[in-house]
Every structure is written in structure tokens, then in C-alpha cells.
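> Handing you a structure now.
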């Protein structure tokens, strides 16, 4: 069995939830087995990302035995004389590698997790970001901002708990600027405290609160915010400083009782090992960027050596989402899985991913256990030169306290 052909799509989720576009990969073997994968967050236009995937396949992958995962990884990891963590190249390889594992599972008639050490967990605990409701507002009804309005966030969080979720996440400390870390204003600090206070009042001890940030703070600002959050006992404090400031993230981890999590912008076991050494206790690899299924499995194994856990990051389409579940089912160090579901997530699969009271059950079909609905991908094409998967504010932000917030009681 040899890897023979590749096809790529770049498709646009209509709501933008899950990113501006998804890069989807299909690989076919010389004996007709197909595997699908997904690349996460390659920071170029979608059409260019697809060209990168296709070029990498033709240079390093075509004609190879799909069992040779280690050889394929080392070839791509070293491409162009790099031989170091490269977030773009690992995003390219991750989608290809996920598709290869789908092929291996189908060839051996087993779910992928059975090839990674076997099923360890009977089900996976999941969490969700606090997203706006799908409900169409009534005429004249004000659209609430669940991202920054603490009262609206608390109401929506309770709705998720009623669905069965036992953890919800929010980041009210945005926006995120290209400048890197900055000192949050008193207004922003107060808004964050008010939001977590209201969510805790709403959900009580029925759910964990995951406090997300996206690297927008200096070390000192992150420590100041952590002290405000501690009374509400969040399960984690996510990426408080920029991802290229791992020592700073480590200082924050040492200064607070809240577990510090990071990883969505890291790649390969090398960078995750550095995070563990710094004192991070919850790793958040995104399987479409971290190096694929086998590399993410290694990251989970390294976490065990530090008495740490993994909570795979998901802000993508359902293929990377499905791949992350297979690593999670086979990993003792698994804590919780981010999840995301919209009508479009469901539509691009012939059978959508399913939850049971906030938990995911193990797939029983071989490979990833999912099938593409290719016509839906083709009906939602990317426009050349369109937005990147995610984008940051291109304006420096100040820390002036020019706004007020209702008194926190």
C-alpha cells in the first residue's frame, strides 16, 4: 500500500465560528483507501495554504508506505534545512498526517485510537466557549454581547450547563493586538472580574469556568488579573502572555493558585516540553498544528512525566476535532476537550459528531470514523486573497482607563 494522490479544499464556514476558512485534505492510496485530514491556522491565504500542502505531499510523501509516520515527520520537519518547530510547516504536515492515520485505521479495520495504545477513557468530558445563541432575535430585541457582557455571558453559560456541559470558557479581556503583551486597563480588569463573578453565580459548582486569554498581557498585568480571578476558582488561566514569552508564562504560573494552560499556538513536542519546564500544568495542543496525531500523542505522554494534563484546543472544522478525540481516548493524561458545533460543522460530514450530555463517546467505525460531504465544501469556496484563518488587531492598544464599569458588588 502506497500513498498516491492528494486533493485539497479550502472552505468558508458561513458564520465564521471556527475560523474564516478550513483547509481540508484527502489522500488516496494505490489500493483505493481514502483518508481525510485538516490543517489548522496556516497564516497565509487559503489558496496558498492548499498549494503548500500539495507541494509538501509531492516532495516528501507521495509513493511512501503510510505506516512510516516517523520518517515522514522527520522529512517535513527538516524541510528546507529547517529542522526546528515551524508553525506553518507543521500545520501543513498535520493535515496530511491526520489523513494518513485515517487510512491506517481503515486498512487495519480499527478506530485510530486502537492503534495509539487502545481505548483508555470510556467517554470524553468536553467544554464549550460561550458563543451567541442560534436563536433569531425577536423584532426590536437587542443583540447581547456574550463575549464582554457579564450578565449575558452568565445567562448563556447556564444554558450550556443545562445541555450537559460541565465546563464553559470565556475571554472577556480582548481585543488582541499584534503588539504583544500590554498592561490591561482598570476597566478591562474590572470587566474580567465582573464576568467571572456573574458566571460563577449562575453555574455555581455545576460547572468549571475556564478563563481564556490570548497572550495579550505583560507578566505584571497577567498576575494582577490572576489575583482578581482566584476567588472564583477557575479550572485554568489560558495563555496569559504571548506564546513567544514562555518564561513570562512560567512566572505567572508560579504566582497564582490557578492552573496555567497554553498551547494553541505551539507546535511539536519541543515547544510543549519547554512549556512544561516553565511550569505550565495544562497543555492545549491543536492537532492540526501541533504535528498531527502521532506528535500530539507524544506530547500527551511527555505531560505524564510532569504530572500535567492535556486539553486539546479546537477552533476549526470537525475533521481536526475528530482526530483530537482519538488521541484523547488513548491518553491517560487527558483532562477535557474543547468542542465546537454549528450547522455547517455538521453539514460537511455525512454523519456529524455527536455529544451525550456534554460528553463524546468513542467512535466504532475504522479510521477517524467520519466521512466528508464533499459537495458542501465545494458549495462554500474561499475567495483568493480573503481573510486569514484568524487575525489580530493591527493597531497598538493603550492601557488608559477611559471607560467605567458598573460597581462589582
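A short reminder: the numbers here are calculations on the coordinates, not readings from a lab. Just so we're clear, the structure is a prediction, and the values are computed from it rather than from any experiment. A quick note on method: Cβ atoms are made from the backbone with ideal geometry, for glycine too, and the neighbour counts reach across all protein chains shown.
> Name all residues of the range 219-254 having a backbone nitrogen under 14 Å from the label point set 7 Å from the Cα of residue 205 along its Cα→Cβ direction, giving them as ranges.
233
> Now a separate question. Using label points projected 7 Å from each Cα along Cα→Cβ, tell me how many nm separate residue 378 and residue 365, to one decimal.
According to this spin-label approximation, the distance is 2.0 nm.
> What shape does the range 245-340 have by the C-alpha gyration tensor, where a ≥ b ≥ c are the square roots of the eigenvalues, rounded means a/c under 1.5, and otherwise prolate means a/b greater than b/c and oblate the rest?
prolate
> Which residue fluctuates most in the GNM of the chain (Cα springs below 10 Å): 183, 271, 58?
The residue with the greatest mean-square fluctuation here is 58.
> In what sequence do 93, 120, 178 fall when counting other Cβ within 10 Å, fewest first?
178, 120, 93
> What percent does the relative contact order of the range 1-135 come to when contacts are Cα pairs within less than 8 Å and at least six residues apart?
Reported relative contact order: 26 percent.
> Give me the percent of DSSP beta bridges within the chain that run antiparallel, rounded to the nearest 5.
Close to 45 percent.
> Find the relative contact order for the range 114-364 and round it to a whole percent, using C-alpha pairs within less than 8 Å whose residues are 6+ positions apart.
21 percent
> Follow-up question, since we're still on this one. May I ask for the angle, rounded to the nearest 10°, between helix 293-305 and the longest principal axis of the chain, with both axes built from Cα atoms and the value confined to 0 to 90°?
Once rounded, one gets 50 degrees.
> I've got another one for you. With a cut-off of 15 Å, note down the residues of the range 200-225 whose backbone N falls inside the zone around a label point 7 Å from the Cα of residue 247 toward its beta carbon.
Only 219-220 fall inside the zone, counting backbone N under 15 Å.
> In degrees, nearest 10, range 0 to 90: what is the angle between the Cα axis of helix 268-278 and the longest Cα principal axis of the chain?
30 degrees
> Out of 267, 218, 354, any idea which swings most in a Gaussian network model of the chain, alpha carbons joined below 10 Å?
Per the Cα network of the chain with a 10 Å cutoff, 354 tops the list.
> Please check: in the Gaussian network model of the chain (C-alpha springs, under 10 Å), which one of 204, 18, 174 has the largest mean-square fluctuation.
So, out of 204, 18, 174, the one fluctuating most is 204.
> On full extension of the chain, what length is gained from residue 83 through residue 387, given 0.36 nm per residue of separation minus the C-alpha to C-alpha distance?
106.5 nm
> Here is a follow-up. Can you compute the FRET efficiency between residue 75 and residue 31 using 1/(1 + (r/R0)^6), with r the Cβ-Cβ distance and R0 = 22 Å? Round to the nearest 0.05.
0.45
> So how do 30, 346 line up by other beta-carbon neighbours within 10 Å, fewest first?
So the residues, fewest neighbours to most, are 30, 346.
> What Kirkwood hydrodynamic radius do you get for the chain when you take the inverse of the mean 1/r over all pairs of distinct Cα atoms, in Å?
Mean inverse Cα-Cα distance, inverted, gives 21.7 Å.
> Let me ask something else about it. Hey, what number do you get for the chain at 222 nm if only DSSP H runs of n ≥ 4 count, each worth -39500 (n - 2.57), divided across all residues, to the nearest 500?
Counting only the DSSP helices, I get -10500 deg cm²/dmol.
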